[in-house]
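A short worksheet on the structure shown next.
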Amino acid sequence: MNNEYTKIINELSSLTLENIHRKNQCDKPFYPLDLLSYLTLTNIRFLEYDNHEKYIIFKNEFYTSLNKLRVDVDNISLWNGITTVLFVIETILENDKIGEMTKDLKVVFNQLYGKFGDSLEVYLKRKNFVFQDLDIVSGVSGVISYLVQSKYNLSTNKKVLQQLLELIVELSCATSDSESSPISNMNNSFIGFSHGEIGLYTMAYKASRLLNDIDSEKKMISMIISILGKRFNNNLLKNFDINALNNSWCHGYAGLIKSYRIIRNSSFVSPKIRSLYDNFVDIYVNNMIHLSKDNFYGSSIICHGLSGLIYEVSLIDYVSYPEEIINYLMRMLMEMYKPDTYVKFTDHYLALEYNRGEIPTDIINGFEGVLLVINSVINKKPYIGDLIFGG
């Protein structure tokens, strides 16, 4: 099976580079979301000492992309905004083994960081929020995910994190008092990590840990435990066909087990709760042997597809589960591979949504994400530059 994985990784790696080159050569601008492809190249050793030819290709293409880049500095999202650009540049700086790009990229980074700070200042003065302003992909949760892991401008980052944490605590206190609360709307819309309140509170928890804000940490733990308690029960865990997105990262249980993995070792999670929820996760993982492609709308991508579930399960380190489960899920993923198509992995859900145009191929919604998951399962560690899925 490893030979099959290697073959697919090589095919998708070549296609990723072709995509980048094609976008650089066309008349259309490059957008922040397009830059995520460079994280894919970083994970397949384009920045290592041992292949200067690949490094030069990466460098030339990335500089071309930056020159074509169109970024709305008022868009702070981790999905397609200024935060995307900052974290891609920082990831490259952290992994550039040869260092020929360091000087140039630090200049670009510092210029953008100043604009990022101005945009956040305006953002925080807003009076009205909707749940998209708060979630991990579009809103402040994604900004927190970046700032918590950033190694640049640490003192400034902490000040911003404190402001964002205070905003979330304030909004969470108002949730029970108003049906119009943006967090109430998140709760009513999705249960997963991307757009649901579990993602918001988990990122706030990470911020509180970094800031050593014990009161906020306790509050976020309490909120997360409450949400998990409503969702983790045997009836739901055993019923995989309630909704095809039930097992996804963005909408379902894959996102919930990620949140639990992040908070599990906090001293504010009681041994009783830890034991109970460990058991729920164990039941859930061991029942995955009954899943089929229909449980994912036939989707293989990370966001709402099978590879997102595989990735989250592969990162669990506190429950012992049979190796056959990952092998079973990986075999199912391989069955979704379509070598003769441009998209490569199936996604009937997005095919319906994008029937008027090109289906995405990026990390979140396309084959590049599947490539990173396969590579991570082989290497038994998160992929480089993972701010969203495993973090």
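Quick note: the coordinates plus some simple rules give every number you see, no bench work behind them. Worth saying up front: this structure is predicted, and the values here are computed from it rather than measured. Here the Cβ positions follow ideal geometry from the backbone for every residue, glycine too, while neighbour counts run over all protein chains shown.
Taking amide hydrogens as placed 1.01 Å from N in the peptide plane, the amide H of L69 sits under 5 Å from those of F30, each at least 5 positions away in sequence or on another chain. Relative contact order for the chain: what percent, with Cα pairs under 8 Å and sequence separation of 6 or more? Over the chain, the number comes to 15 percent.
With θ taken as phi - 60° and the Karplus curve 6.51 cos²θ - 1.76 cosθ + 1.60 applied, the whole-hertz 3J(HN,Hα) list for segment 252-269 is x, 6, 4, x, 5, 6, 5, 4, 5, 4, 5, 8, 3, 8, 5, 5, 8, 9 Hz, x standing for glycine and proline.
The packing ranking of peptides 361-370, 125-134, highest mean first, is 361-370, 125-134, where packing means the average number of other beta carbon atoms within 10 angstrom of each residue.
Report D for segment 1-125 in µm² per second (integer): Stokes-Einstein, Kirkwood Rh on Cα pairs, 25 °C, 0.890 mPa s. Reported coefficient: 159 µm²/s.
Assuming R0 = 35 Å, can you tell me the calculated FRET efficiency for the pair I326 and Y152, based on Cβ-Cβ distance, to the nearest 0.05? Efficiency, rounded to the nearest 0.05: 0.45. Here the Karplus curve 6.51 cos²θ - 1.76 cosθ + 1.60, taken at θ = phi - 60°, turns the phi angles of segment 70-87 into couplings of 10, 10, 7, 5, 7, 8, 8, 5, 7, 7, 7, x, 5, 4, 4, 5, 4, 6 Hz, with x standing for Gly and Pro.
Close amide-amide hydrogen proximity is noted between S77 and I82, T83, each under 5 Å apart and 5 or more residues distant or on a separate chain (H modeled in the peptide plane; Pro and chain starts excluded).
Calculate, in nm to one decimal, what L66 and N51 gain on full extension: separation in residues at 0.36 nm each, minus their alpha carbon distance. All intermediate terms of the calculation are to be shown ahead of the outcome.
Working: separation 15, 0.36 × 15 = 5.40 nm, distance 2.28 nm.
Working it through step by step, the gained length comes to 3.1 nm.
The string of couplings for segment 46-57 from the Karplus curve (6.51, -1.76, 1.60, θ = phi - 60°) is 7, 10, 7, 5, 7, 8, 5, 4, 5, 4, 5, 4 Hz, one whole number per residue in order, with x for Gly and Pro. Cα extents for segment 281-377 along the principal axes, largest to smallest and rounded to whole angstrom: 44, 24, 20.
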